[in-house]
There are 2 protein chains.
Amino acid sequence: MKNRIITISREFGSGGRTVGKELSKRLDIPYYDAEIIQMTAAESGMTQEYIRLQDEMTPHANPLVNSFQARDQYGMTLQDHLWQIQRKVIFDLANRSDCIIIGRCADYLLFHLHHCLRVFIHGDFDDRMERILKVYGESAESPKKRLLDKDFRRKAYYEFYTEQKWGDPKNYDIMLNSGSLGIDQCIDILASIWNNNKEADEI
Amino acid sequence: MKNRIITISREFGSGGRTVGKELSKRLDIPYYDAEIIQMTAAESGMTQEYIRLQDEMTPHANPLVNSFQARDQYGMTLQDHLWQIQRKVIFDLANRSDCIIIGRCADYLLFHLHHCLRVFIHGDFDDRMERILKVYGESAESPKKRLLDKDFRRKAYYEFYTEQKWGDPKNYDIMLNSGSLGIDQCIDILASIWNNNKEADEI
């Protein structure tokens, strides 16, 4: 049976996770983010802390692992293995019920299997820097470096495993600038699309 | 005084013009598309037919003109001249009242001058091919070639004069896939953003 799934891809600091969480309360459907890490940990036998470190990390994004586990010479890397487990976790969650899934290429994985509303949340650099300082606090790295690093990882991960371009409009149904529209308005827009399409087969 | 402007950039065949036209009725604000051609014609002394042919055409997109009017050697090309007149027309229209402006780099031109909601409407290739056949009918060129040519021209024009990437999320507040969401729903979403922000200074 096809379920209705909202997949949320997001630039770091854009509030995409908050949008997903609040939308989940508003629509009364589950929201999966940390749960994906817990389930991947349980399936793989690795700790959640380790999975979190590897989360949305491609083989290419980790030069140290790559130097010991060159993909072409030795076959699957550890990240490839985790990707396969996580993919199965995402398929299982999507099969359970309507839900919201944050990141992890869920848009690409589920598009042809379920009725997906593929969302991308982004924001201007300054808005996002302000937001990560407010939400995550100061750290040794500058907010600019944190943003650039995280976006680079997410982009590399997405593009490595999907062979599609991260943030390319053609892979999404709606892209929202949370800085100019505001987080609350992003939630309102997505909730209204969900409710408008309750009777429809496809979003 | 700052006005509230909706700028709509659009892939060919995505129905962006229809969205703008219907939104204009719904919000009771003017919508400018063909009027920009008429006004540019009046200011430049050229015919509307000629302006239409040159519309959203960069110096680089017309090799014949370029061979006689090489930009670097002879200064401003005819398209540069039309760009300057059209830019003034767009500034004048935006200064008159709240309005909707289709294409022509209005998002870039007006962003810092008015309260802009910068919209990009796009669609899957097959949906757009189907739509141009329905709206514009058959022609000697295949729908695929017509789509690719027109998008190429719009992209080249936008990027030449703005030095920004056409269709890059960071230049827009909202990007909508009219194929998956439907034209009517795109209009609903934009109307609700307009009405939600009636009291706000910035969209």
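So the values come out like this:
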item	result
Estimated vicinal HN-Hα couplings, Hz - the range B:166-171 in sequence order (Karplus 6.51, -1.76, 1.60; Gly, Pro = x)	5, x, 7, x, 5, 8
GNM flexibility winner over chain A from A:24, A:178, A:139 (Cα, springs under 10 Å)	A:139
In order through the range A:131-136: 3J(HN,Hα) via Karplus (6.51 cos²θ - 1.76 cosθ + 1.60), integer Hz, x for Gly, Pro	5, 5, 5, 6, 7, 9
Where the protein assembly as shown is the region considered: accessible area per residue in Å², 1.4 Å probe	48
Set A:88/A:155; A:165/B:165; B:2/B:165; A:134/B:165; A:21/B:165 screened for pairs whose C-alpha atoms are more than 23 Å apart	B:2/B:165; A:134/B:165; A:21/B:165
Candidate residues A:19, B:135: accessible-area rank, largest first, probe 1.4 Å	B:135, A:19
The range B:4-194: proportion of alpha-carbon pairs further apart than 21 angstrom, %	52
Accessible area buried, both sides summed, chains B and A with 1.4 Å probe, Å²	1600
Estimated [θ] at 222 nm from DSSP helical runs (n ≥ 4, -39500 (n - 2.57)) normalised by residues in chain A, nearest 500	-16500 deg cm²/dmol
Built amide H within the under 5 Å cut-off of residue A:58, gap 5+	A:157
Percentage relative contact order, the range B:85-203, counting C-alpha pairs under 8 Å, at least six apart	34
The protein assembly as shown, Rg to Rh (Cα coordinates; Rh as Kirkwood inverse mean 1/r)	1.00
Anchor residue B:170: aspartates and glutamates whose Cα lies under 15 Å away (excluding residues fewer than 8 positions away in-chain)	A:11, A:124, A:126, A:127, A:151, A:168, B:107, B:159
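The values are calculated or read from the model by the stated rules, or taken from the named source; none is laboratory data. Computed from a predicted model, the values in this text were never measured in an experiment. What goes into the accessible areas is simple: the full protein's heavy atoms, side chains included, and nothing from ligands, DNA or RNA. Shrake-Rupley method; radii C 1.70, N 1.55, O 1.52, S 1.80 Å.
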